[in-house]
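The values are calculated or read from the model by the stated rules, or taken from the named source; none is laboratory data. Bear in mind the structure is a predicted one, so any value in this text is a computation, not a measurement. FYI the Cβ positions are ideal-geometry reconstructions off the backbone, even for glycines, and counts take in every protein chain you see. Only protein heavy atoms, including side chains, enter the accessible area calculation; ligands, DNA and RNA are left aside. Shrake-Rupley method; radii C 1.70, N 1.55, O 1.52, S 1.80 Å.
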Amino acid sequence: GQQVMQIPQYQHVQEGEDFTTYCNSSTTLSNIQWYKQRPGGHPVFLIQLVKSGEVKKQKRLTFQFGEAKKNSSLHITATQTTDVGTYFCAGFNAGNNRKLIWGLGTSLAVNP
Amino acid sequence: DTGVSQDPRHKITKRGQNVTFRCDPISEHNRLYWYRQTLGQGPEFLTYFQNEAQLEKSRLLSDRFSAERPKGSFSTLEIQRTEQGDSAMYLCASSSAGLGAFFGQGTRLTVV
C-alpha cells in the first residue's frame, strides 16, 4: 500500500540552529499538507502545497513540494523554543482525495 | 468558539463496555474525519464522511467500530465491547474540499 516516510524521526537542536524534516511518498500525491502537534495537543494545520515544485514561506518556515510530487520538506530557520513539537506531513494520493496518508512525524526538541 | 469540538475530553471505561464519542465540526465544513492516535505515532485514519455519506472506512476498523453523521453536521463514533487495545486518543477533524483539516482536541479513551 501507499506509504509516506518522514525523516528524521527525532531531532534535537540548539536554539538558533536550523531544522529540516523530509517527507517521501511511494506514489504521486495530489497535494501535501503539513501539520504541527505540540506535546499533549492536537495536530494544527500549517500549510498545503499543490503544484509541482511549489515553495511557500511562513515567517521562518519554508515548505517545498518536489517536482515529481512525491516528496516535500519543511525547513525552519533559526529555531526557537516555541517550535518544539512534532511535525507531520500528509498527502492525498493522486486519484483519491478521501483519505490523507500521514507520515509518522518528526519530533523536534529545541534546547534554549 | 467556532472550532471543532469533541465530547467527552476523557473517558475511562471497563473492558467490554460500549462507548460513544461526539464531534461537532466547523459548521461550513462538509468533510469530517475520525482518526486514532497513540503515543509517539501519527494519526491513524478511521473513517471519512462527506456530508452525511460515509465514503471511506479503514480496513483496520473492526466491526466493533461504527460511525454516523446522520444530518451531515455532528458525528458520533461508537466502540462496542471495548478492549484494552482501544485505549488511544480519538481525533475528529473537519475540512472543506481542497483545504487543510482542522482538528478537535480529541477524546482520550482509557480501557481498564
Which condition breaks for B:Cys23 when tested against (1) closer than 19 Å to B:Ala101 by Cα; (2) touching a residue at least 60 places away in the same chain (Cβ under 8 Å); (3) open to solvent by 20 Å² or more (accessible area, probe 1.4 Å)?
(3)
Every listed condition ((1) open to solvent by 10 Å² or more (accessible area, probe 1.4 Å); (2) away from chain A (no Cβ under 14 Å)) holds for B:Glu56 save (2)
Among the strands (runs of 3 or more DSSP E) contained in the range A:59-112, which hold 2 or more residues that are under 18 Å from B:Leu39 (Cα atoms) and among the polar types (S, T, N, Q)?
A:106-111
Got a number for residues in the range B:70-100 being assigned to a loop (DSSP other than H, G, I, E, B) and modelled with pLDDT of 95 or more?
6
Any hit, the range A:91-103, residues being touching a residue at least 12 places away in the same chain (Cβ under 8 Å), surrounded by fewer than 22 Cβ atoms within 10 Å (Cβ to Cβ) and within 17 Å of A:Thr20 (Cβ to Cβ)
no
The range A:48-73 residues that are without any contact (Cβ under 8 Å) to a residue 24 or more places away in the chain and more than 14 Å from every other protein chain (Cβ to nearest Cβ), paired with ones that are open to solvent by 30 Å² or more (accessible area, probe 1.4 Å) and acidic (Asp, Glu) (beta carbon under 8 Å, 6 or more apart):
A:Ser52/A:Glu67; A:Gly53/A:Glu67; A:Gln64/A:Glu54
